[in-house]
Amino acid sequence: MLPLQLPTIQNWDCHNCGGCCTQHLIEVTEAERQRILAQNWTPADGIPAGQPLFEWHAGPPWKKRYRLAHRPDGGCVFLDDKGLCRIHAKFGEAAKPLACRIYPYAFHPQGKSVTVSLRYSCPSVVKNLGRTLGQQTSDLKTLEKLVVPEGVERIPPPPLSPGSRVDWPVFRRFVLNLDQILTQPQTPLLVRLIQALAWTNLVQQARFDGLSDQKLHEFLQLVTAAVQVEFAELPNDLPEPSRVGRMYFRLAAAQYARKDTVADLNGGWSARWRLLRAILRFSKGQGDVPPLQAGFEPVPFASLEEPCGPLSAEAEELLTRYLRVKVQGLHFCGRAFYDVPFVEGFASLALIIPVTLWLARWRARSQQRTTWTIDDLQFALTVADHHHGYSPALGQTASRRRIRYLMSSGDLTRLCVWYAR
């Protein structure tokens, strides 16, 4: 097995909230399906008579792919009233489908090692509850055996930008340098984020073919120092996001705010029509924001443009930890994120910050409050990260085109500052 690289700033343990068992569709292999069928579930185990354990997921009739069945309320058929998994309770963790055992971890090969990231759709990850990942090394090595195939050390790193490739040792230096920009403890998060976006913009413009280690070291030192000097504090004259930038932002926020549980997907054409109408309203940004899931009520779009106060220290810690865990875990580019290059992937990750702040405002306004709380922010981050890197729509051409526009126009930086007011 390859050595694991673990984020040192993140804790986690399962606290049995049951959220992952209601909002995720778990595809199972045929071997897993047969193993669960052989467990002989009966009404005495809490499974109603006639309740199917699996649903057709994809594939032709002669080669069907299955997922765990869900109840009408969206909960997994094996989720009990206490938020616990019936398979786990009766047969142990090893009897569960592999996808359930892995969550919320994500394993991403990086040459001769494997880096570990986490999904912030889990509330316990967002709140940093539980043991350090270093205390879970044995369990993580067990999962690594199951999910990381042989030969992954031969997978090349993602390109830094289109047409610009380097080997893994050099790629990791760029990741480390980006993480160092995000780490600066005495610098406000927004300033660090602006510096990181300016730094990746300079990386995108450069080419590194045939560059010696010494020249690369000098380049990284030079551009890091340059962005830290130029953006030592928030610009006073930064304009508002453009009209097009705001429209693209609202469309991205709508995608992140969706709730695609089984109950939602089974809504038929009426549900699809409601979603289409909602997307049209998001594109216009007029009237009330159409709610896309519980916790968000109709409120005027205009109310979400009003300031809600600066980021608190607790909010800065949460958003900084999120960015650093994703960067350290390579959870923002390459095979972990729609095969996009390093620079574009970080722009998509940076967009999560204003999206999360916008969703936190929406939740606060839904409860007739003018400012959001840390609870609003935590809830908003679980909503946004549920889709980030996992919703096919975010990897499509239209979504990627929006990201590239926000990067090139400067609107991405403006959005980060605008929604942190």
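The values are calculated or read from the model by the stated rules, or taken from the named source; none is laboratory data. Predicted model only: the values in this text are computed from it and were never measured. No Cβ is skipped: glycine too gets one built from the backbone with ideal geometry, and neighbour counts run over all protein chains shown.
Points worth noting:
- When we screen Thr382, Thr356 for residues that are over 13 Å from Pro158 (Cβ atoms), surrounded by fewer than 24 Cβ atoms within 10 Å (Cβ to Cβ) and among the β-branched types (Val, Ile, Thr), the only hit is Thr382.
- Flag for Leu146 being surrounded by fewer than 13 Cβ atoms within 10 Å (Cβ to Cβ) and either among the β-branched types (Val, Ile, Thr) or in contact with a Lys or Arg (Cβ under 9 Å, 6 or more places away or on another chain) (or both): yes
- The residue that is surrounded by the fewest Cβ atoms within 10 Å (Cβ to Cβ), counting only those in segment 4-49 that are closer than 30 Å to Gly151 by Cα and among the hydrophobic types (A, V, I, L, M, F, W, C), is Ala31.
- Residues located in segment 171-217, provided they are at pLDDT below 95 and either touching an Asp or Glu at 6+ places or on another chain (Cβ under 8 Å) or of a type in the set (Gly, Ala, Ser) (or both): Ala206, Gly210, Ser212
- Exactly one residue among Thr142, Thr115, Thr132 is farther than 19 Å from Lys326 by Cα, of a type in the set (S, T, N, Q) and over 14 Å from the mean Cα position of the chain (by Cα), and that residue is Thr142.
- Residue tally, condition touching a Ser or Thr at 6+ places or on another chain (Cβ under 8 Å) and hydrophobic (A, V, I, L, M, F, W, C), over segment 99-117: 2
- When restricted to residues that are in a helix (DSSP H, G or I) and in contact with a Pro (Cβ under 8 Å, 6 or more places away or on another chain), segment 275-317 contains 5.
- Each residue in segment 234-260 was checked for being over 14 Å from Trp362 (Cβ atoms) and either outside any helix (DSSP H, G or I) or of a type in the set (S, T, N, Q) (or both), and 11 of them qualify.
- Tabulated pairs, segment 209-227, first under 17 Å from Asp167 (Cα atoms) and in a helix (DSSP H, G or I), second at pLDDT 90 or above and of a type in the set (Val, Ile, Thr), C-beta under 7 angstrom, 6+ apart or interchain: Leu216/Val170
- Count of residues meeting criterion [touching a Cys at 6+ places or on another chain (Cβ under 7 Å) and farther than 20 Å from His331 by Cα] in segment 178-193: 1
- Output for segment 64-83, where each listed residue is free of Cβ contacts under 8 Å to residues at least 40 places away in the same chain and closer than 19 Å to Asp45 by Cα: Ala69, Arg71, Val77, Asp80, Asp81
- Residue in segment 55-76 that is exposed (fewer than 10 other Cβ atoms within 10 Å of the Cβ) and at positive phi present: no
- Within segment 303-319, not a single residue is charged (D, E, K, R), more than 30 Å from Thr187 (Cβ to Cβ), at pLDDT 95 or above and surrounded by 14 or more Cβ atoms within 10 Å (Cβ to Cβ).
- The number of residues in segment 335-351 that are surrounded by fewer than 24 Cβ atoms within 10 Å (Cβ to Cβ) and touching a Phe, Trp or Tyr at 6+ places or on another chain (Cβ under 8 Å) comes to 1.
- Test: Leu251 is at pLDDT below 95 and among the hydrophobic types (A, V, I, L, M, F, W, C): no
- Odd one out for Met1 among (1) assigned to a loop (DSSP other than H, G, I, E, B); (2) touching a helix residue (DSSP H, G or I) at 6+ places or on another chain (Cβ under 6 Å); (3) buried (at least 16 other Cβ atoms within 10 Å of the Cβ): (3)
- Scanning segment 208-253 for residues that are surrounded by fewer than 13 Cβ atoms within 10 Å (Cβ to Cβ) and farther than 21 Å from Trp168 by Cα yields Leu222, Ala225, Val229, Glu230, Ala232, Glu233, Leu234, Asn236, Asp237, Pro239, Arg243.
- Yes/no for Ala89 being of a type outside the set (Lys, Arg), modelled with pLDDT under 95, in the same structural domain as Asn11 (by TED's automatic domain parsing) and surrounded by 13 or more Cβ atoms within 10 Å (Cβ to Cβ): yes
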